[in-house]
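Chemist: My questions all concern the structure below.
The values are calculated or read from the model by the stated rules, or taken from the named source; none is laboratory data. Note that the structure is predicted; figures quoted are calculated from it, not measured. Cβ: placed from backbone, ideal geometry, glycine included. Neighbour counts: every protein chain shown. Surface areas here come from the heavy atoms of the whole protein model, side chains and all, with no ligands, DNA or RNA. Shrake-Rupley method; radii C 1.70, N 1.55, O 1.52, S 1.80 Å.
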Amino acid sequence: MSKPAMHNDERPAVERTLDAVRRDVAEIDRQIIAGLATRERLAAEAVRFKRSAADITDLPLRANLLARIDRQAADAGVSRALAHAVYNAILDVSIPRQLELFANRHVEPTSERD
Ligand SMILES: O=C(O)C(=O)C[C@]1(C(=O)O)C=C[C@@H](O)C=C1
């Protein structure tokens, strides 16, 4: 896409309204939330393949994920600080949730007669 022509004061010649910018931001937020919902479902699905809680809290797994995120952030021009803050926040919620699902999977159903 070509850049809009600039005035001498460096503002775009065709100025968008703040409302238009906010609508675009809201659409990006919708996509982020939709992606997070899909990610949560996939993380829950991954629990089925875990043999122990340690498979979920595995530090090399987290380190590999963050290394991949670093590369993707660099390619996209996103700062490492933002990418790490976002993904550490995701994992800080996602891992305890996976552990909870794992624990529930391993609870034997109690007998109705007990
Ligand atoms: O890749 C896995 O095995 C997962 O369980 C997914 C996932 C993730 O949310 O990205 C979950 C927790 C791990 O520490 C790292 C990866």
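Chemist: Condition first: farther than 26 Å from residue 102 by Cβ and either open to solvent by less than 60 Å² (accessible area, probe 1.4 Å) or hydroxyl-bearing (Ser, Thr, Tyr) (or both). Can you find one or more residues in the range 58-69 that meet it?
Modeler: Checked against the condition, which is being farther than 26 Å from residue 102 by Cβ and either open to solvent by less than 60 Å² (accessible area, probe 1.4 Å) or hydroxyl-bearing (Ser, Thr, Tyr) (or both), the range 58-69 yields no hits at all.
Chemist: I'd like to know if the range 76-85 contains one or more residues that are part of a helix (DSSP H, G or I), open to solvent by 80 Å² or more (accessible area, probe 1.4 Å) and modelled with pLDDT of 95 or more.
Modeler: yes
Chemist: Also, I was wondering about something else. What are the pairs with Cβ atoms under 9 angstrom where one residue, in the range 57-71, is near the ligand (Cβ under 10 Å from one of its atoms) and assigned to a helix (DSSP H, G or I) and the other, located anywhere, is among the β-branched types (Val, Ile, Thr) and open to solvent by less than 80 Å² (accessible area, probe 1.4 Å)? Sequence gap at least six, or different chains.
Modeler: That search, which allows pairs on different chains as well, returns 57/95; 62/95; 69/86.
Chemist: Residue check: is residue 99 within 18 Å of residue 41 (Cβ to Cβ), open to solvent by 50 Å² or more (accessible area, probe 1.4 Å) and aliphatic (A, V, I, L, M)?
Modeler: For residue 99, the condition - within 18 Å of residue 41 (Cβ to Cβ), open to solvent by 50 Å² or more (accessible area, probe 1.4 Å) and aliphatic (A, V, I, L, M) - is met.
Chemist: Determine, yes or no, whether residue 47 is at negative phi and at pLDDT 95 or above.
Modeler: For residue 47, the condition - at negative phi and at pLDDT 95 or above - is met.
Chemist: Still on this model: Return the residue satisfying two criteria in turn: it lies in the range 34-44 and is surrounded by fewer than 14 Cβ atoms within 10 Å (Cβ to Cβ) and within 9 Å of the ligand (Cβ to nearest atom), and of such residues it is nearest to residue 107 (Cα to Cα).
Modeler: Filtering the range 34-44 for residues that are surrounded by fewer than 14 Cβ atoms within 10 Å (Cβ to Cβ) and within 9 Å of the ligand (Cβ to nearest atom), the one nearest to residue 107 (Cα to Cα) comes out as 42.
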